[in-house]
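Q: My questions will all concern the structure given below.
The values are calculated or read from the model by the stated rules, or taken from the named source; none is laboratory data. This one's a predicted model, so the numbers in the text were calculated from it and none came from an experiment. Note that each Cβ is placed from the backbone with ideal geometry, even for glycine, and that neighbours are counted across all protein chains shown.
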Amino acid sequence: MLTRVAVLVSGGGTNLQAIIDFAKAGKLKDGEIVAVIASNSKAYALQRAENAGIYHTVIDRKSFPSLKGFEEALLKELERVEADLIVLAGFMTVLSADFVSRYPQRIINVHPSLIPSFCGDGFYGLKVHEAALAYGVKLTGATVHYVNEVTDGGKIIMQKAVKVHDGDTPEVLQKRVMEQAEWKILPQAVQKICKKIKENRL
Ligand code: GAR
């Protein structure tokens with residue numbers, strides 16, 4: 001049986017697209033994307049799922065006063081689609097320890113830096129690249145890691161380094177990190193974990 005993957009998104013969904021393209025190319029040998037769940041109804045990622053013929057739904061973070069209510073709705077949906085693996089691909093809500101404990105080693109995230117640099121609470125999206133440029137690092141990159149109760153603190157699965165160029169803006173650096181690192185390592189990591197789950201090695 002293929003590992004059933006749910007991809008959680010909040011925005012543009014280019015990382016989702018990378019997984020879709022990888023699957024279309026026949027490389028996601030041990031998994032299938034069974035659902036795309038967006039925390040925001042305006043997420044372009046929803047259109048990407050629609051275009052690929054993948055089931056998608058919105059659980060709008062803004063319509064829940066508490067994180068608990070949002071997570072309960074999310075859990076219900078994940079159980080309904082029988083997800084084995086949850087992939088956070090540009091998902092902008094930090095999940096609680098309680099939620100994460102329900103899926104030990106079954107949630108992975110892509111983060112746009114070389115963890116442990118420029119990660120943790122407050123470091124997301126462009127802010128990560130702004131911080132890397134402000135520090136003046138010459139190398140940055142992306143990390144795929146398991147999600148545990150510590151923000152960006154779970155065990156590392158894959159990393160790839162990317163050069164910072166003189167004159168980079170956060171936007172230019174973000175694009176390079178996506179193209180050279182995130183869109184490559186995230187689909188590979190998804191396949192790797194799908195295989196482990198399928199073979200009962202995780
Ligand atoms: C990506 O760069 C991803 O690594 C980052 O948000 C962007 C989402 O882009 N995620 C985080 O910062 C999580 N802490 P996408 O919607 O086009 O995939």
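Q: Quick one: which strands (runs of 3 or more DSSP E) lie wholly within the range 55-165 and hold at least 2 residues that are more than 17 Å from the chain's Cα centre (by Cα)?
A: Those strands (runs of 3 or more DSSP E) span 139-146, 156-163.
Yes/no per residue for (1) more than 30 Å from Glu199 (Cβ to Cβ); (2) not charged (D, E, K, R):
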residue	(1), (2)
Met1	no, yes
Gly11	yes, yes
Lys27	no, no
Glu77	no, no
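Q: Within the range 137-148, can one find any residue that is farther than 20 Å from Ile185 by Cα and of a type in the set (Phe, Trp, Tyr)?
A: Scanning the range 137-148, I find no residue that is farther than 20 Å from Ile185 by Cα and of a type in the set (Phe, Trp, Tyr), so the answer is no.
Q: Hey, another quick one. Go through (1) over 24 Å from Asp152 (Cα atoms); (2) within 14 Å of the ligand (Cβ to nearest atom) one by one and return the number of the condition Thr14 breaks.
A: (1) is the only condition that Thr14 fails.
Q: Hey, could you check the range 96-119 for residues that are in contact with a helix residue (DSSP H, G or I) (Cβ under 7 Å, 6 or more places away or on another chain) and more than 10 Å from the ligand (Cβ to nearest atom) and say which is farthest from Glu72 (Cα to Cα)?
A: Result: Ile108.
Residue-wise test of (1) in contact with a strand residue (DSSP E or B) (Cβ under 9 Å, 6 or more places away or on another chain); (2) farther than 27 Å from Lys27 by Cα; (3) crowded, with 21+ Cβ neighbours inside 10 Å; (4) at pLDDT 95 or above.
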residue	(1), (2), (3), (4)
Asn109	yes, no, yes, yes
Phe118	yes, yes, yes, yes
Glu130	no, yes, no, yes
Met158	yes, no, no, yes
Asp166	no, yes, no, yes
Ala181	yes, no, yes, yes
Ile185	yes, no, yes, yes
Lys195	yes, no, no, yes
Asn200	no, no, no, no
